[in-house]
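Just so it is clear, none of the values below were taken in a lab; they were calculated from the coordinates. As the structure is a computational prediction, the values presented were derived from the model and not from experiment. Using ideal geometry, Cβ is built from the backbone for each residue, glycine included, and neighbour counts are taken over all protein chains shown.
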Amino acid sequence: MIGALSSLASRTLFAFDPETAHGLSIRALKSGVIPPCRLPEDPRLVQTVAGIRFPNPLGLAAGYDKNAEVPDAMLALGFGFTEVGTLTPKPQTGNDKPRIFRLVEDRAVINRLGFNNEGHAAAFNRLSSRAGRPGIVGVNIGANKDAVDRVADYVDGIRRFYALATYFTVNISSPNTPGLRDLQARESLSALLGAVLAARAEEAVRHGRSVPVFLKIAPDLTEEGLDDIAAEALAHPLDGLIVSNTTLSREGLKDKSMANQAGGLSGAPLFALSTRVLAGMRRRVGPALPLIGVGGISSAEDAAEKIRAGADLVQLYSGMVYGGPGLASTIVKSLSTILDRDGVSAIRELRDTRVDHWTAMKL
């Protein structure tokens, strides 16, 4: 039943432009039109990462639930965790429309949204209303486009949502806010992580718990840039990396009519690039630091391959544009089937088994 409804929902939404379709899907989830999918917990998929017990390794990436409107509805679709945002201190409208483009032939999306969101206060009120409910909800924090001190905006995010977030993601990798990716440069990154993690330490004393902090990076970094990020990640008490955000590359696209649109590319064409960067980062940081693999996941085989390339957990978003709301439950159930097929007793046994394959790959 959920499969048929998922297919119908996808076909219906494709009749609208992408941003309108996104808004309609949020409304459908809020209204309860899309039914939940309660999956029995498979203990082989359970992992503790950064001190958090994840019921399965599949999460919803930031960018879908920008304003923390439907975290519980997304968890009810089968995701093991969900991430809201990116949230900035002040509301902002983002870039001019149109700013989302489907590349159907490539099963891809280009967006140049620009951190459009209703700001900290609105999201804080929504997350406060669900305080005490079960489920892992990460908060993805960013900086306002016009911020005089962008580091201060990230610190504000830590302080504002500390009591409500299961974990934080520091997003410095969106290509749609001018100058934001400059924070990935080593000196700037060191200052940012120092300030954010100092704020986390202070809030941990105040609240009696330490909330994990992840850093989300771009897939378009040079080898030297990846070296610098790995060094800074290991030099600070960071809890993990999310690899990766959207790409500026347009290599290999079939839909040439949309390829010249500005913005970040996500979906199937991002899979190989992001997975190679993931494996390279695993090699750089060693086995202990948690990594979350993102980019181009649309099936259980994709998710499993990210884990083989070094990920502890995985996330998707664009895959749901084409796979519909039933995609999460399909992937989670199919991961159990993969473990059966491969004779694997726990999902963590897949991790790192193909790191060498991916780091050697020429794209």
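At-a-glance table
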item: For region 270-283, 3J(HN,Hα) per residue [Karplus equation, 6.51 cos²θ - 1.76 cosθ + 1.60, θ = phi - 60°, Hz, x = Gly/Pro]; result: 7, 4, 5, 4, 5, 6, 5, 5, 4, 4, x, 6, 4, 4
item: Separation in nanometres of the label points that stand 7 Å from Cα toward Cβ, at L234 and D149; result: 3.2
item: Fraction of antiparallel bridges per DSSP, the chain only, in percent to nearest 5; result: 30
item: For the chain, the longest site-free run once GluC sites (Glu not before Pro) in DSSP loop states with at most 15 other Cβ atoms within 10 Å are removed; result: 42-250
item: Loop-resident sites, region 105-176, for trypsin sites (Lys or Arg not before Pro), counting at most 15 other Cβ within 10 Å (DSSP); result: R130
item: Residue among P325, P71, P18 with the largest mean-square fluctuation in a Gaussian network model of the chain, springs linking Cα atoms under 10 Å; result: P18
item: Sequence of S345, S274 once ranked by neighbouring C-beta atoms within 10 Å, starting from the fewest; result: S345, S274
item: Loop trypsin sites (Lys or Arg not before Pro), region 297-363, which have at most 10 other Cβ atoms in a 10 Å radius of their Cβ (DSSP); result: K362
item: Using a Förster distance of 22 Å, the FRET efficiency for L363-A288 (Cβ separation, nearest 0.05); result: 0.20
item: Residues with amide H under 5 Å from that of L103, placed H, sequence gap 5 or more; result: A108, V109, I110
item: Rounded Å value of the spacing that divides the Cα centres of region 88-130 and region 160-175; result: 15
item: 14 Å beta-carbon shell around A185, net charge (K/R +1, D/E -1); result: -4
item: Paramagnetic reach from R53 (point 7 Å along Cα→Cβ, amide N under 19 Å) across region 290-316; result: 313
item: Likely footprinting exposure, I338, I307, fewest C-beta neighbours within 10 Å first; result: I338, I307
item: Where trypsin sites (Lys or Arg not before Pro) fall in DSSP loop in region 198-298, at most 15 other Cβ within 10 Å; result: R209, K254, K256
item: Karplus-derived HN-Hα couplings along region 229-235 (A = 6.51, B = -1.76, C = 1.60, θ = phi - 60°), whole Hz, x at Gly and Pro; result: 5, 4, 5, 5, 4, 7, 7
item: Relative contact order (%) - criterion: Cα under 8 Å, at least six apart; region: the chain; result: 18
item: Estimated FRET transfer efficiency when R0 is 22 angstrom, pair A198-A121 (beta carbons, to 0.05); result: 0.40
item: Likely footprinting exposure, D149, D96, fewest C-beta neighbours within 10 Å first; result: D96, D149
item: Within the chain, longest stretch clear of exposed chymotrypsin sites (Phe, Trp or Tyr not before Pro) (DSSP loop, no more than 15 other Cβ within 10 Å); result: 17-363
item: 15 Å beta-carbon shell around M74, net charge (K/R +1, D/E -1); result: +3
item: 11 Å beta-carbon shell around L103, net charge (K/R +1, D/E -1); result: +2
item: C-alpha center-to-center spacing [region 177-236, region 45-64] in angstrom; result: 20
item: Nearest-0.05 FRET efficiency for V46 and R130, computed from C-beta distance (R0 22 Å); result: 0.45
item: Per residue Cα convex hull volume in Å³ - calculated over the chain; result: 129
